[in-house]
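What follows is a short report on a single structure.
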């Protein structure tokens, strides 16, 4: 599945680069990635075996026809025609990653016990941008079980400075003694 998804993503990437539409294609692909999954997401309808390709196309036109870039709309319809709807979300996710990589952008997953303010997120983004040499966007996840502190996963690096992890490490070191 990954190989075909990557090929689809690469084709969309090249097409958007040729047309100079990378910005809008990335925004719309991210929008699709956000709205496709879930119990009430579009992917549930698109992958349903009892819904015909014709009905799926009508659904796509009604829900996304005026909202998303025509190249993405064409890609979705091609996937429907070839009965490859399961490749849509992986291909779109890969496309967003390819465009971000092309622009030297990455996303850091930050877990915090409490919501961070806008200025804290901006400051963290600036610090990480300087450290990794790429523009870093923050995907903030609030998890109260962390107790306090943050954990950061960015560009293959992981830093965990949550109280939960520190207590766990302390417990493990005391058990060894």
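Just to be sure I understand, how many residues within the range 47-65 are closer than 26 Å to residue 22 by Cβ and part of a loop (DSSP other than H, G, I, E, B)?
Residues flagged as closer than 26 Å to residue 22 by Cβ and part of a loop (DSSP other than H, G, I, E, B) within the range 47-65 amount to 1.
Taking interchain pairs and intrachain pairs at least six residues apart, which have beta carbon atoms under 6 angstrom, with the first residue in the range 32-57 and touching a residue at least 60 places away in the same chain (Cβ under 8 Å) and the second surrounded by 15 or more Cβ atoms within 10 Å (Cβ to Cβ)?
Listed pairs, sorted by first residue: 32/92; 33/92; 33/93.
How many residues does the range 58-73 contain that are closer than 18 Å to residue 91 by Cβ and surrounded by 13 or more Cβ atoms within 10 Å (Cβ to Cβ)?
Within the range 58-73, residues that are closer than 18 Å to residue 91 by Cβ and surrounded by 13 or more Cβ atoms within 10 Å (Cβ to Cβ) number 7.
Could you tell me whether residue 96 is out of contact with any helix residue (DSSP H, G or I) (no Cβ under 7 Å at 6 or more places or on another chain) and either modelled with pLDDT under 95 or within 27 Å of residue 7 (Cα to Cα) (or both)?
no
Please give the helices (runs of 4 or more DSSP H) falling wholly within the range 66-177 in which 2 or more residues are in contact (Cβ under 8 Å) with a residue 40 or more places away in the chain and assigned by TED's automatic domain parsing to the domain that holds residue 24.
So the answer is 70-81, 88-102.
The values are calculated or read from the model by the stated rules, or taken from the named source; none is laboratory data. Worth saying up front: this structure is predicted, and the values here are computed from it rather than measured. Note that each Cβ is placed from the backbone with ideal geometry, even for glycine, and that neighbours are counted across all protein chains shown.
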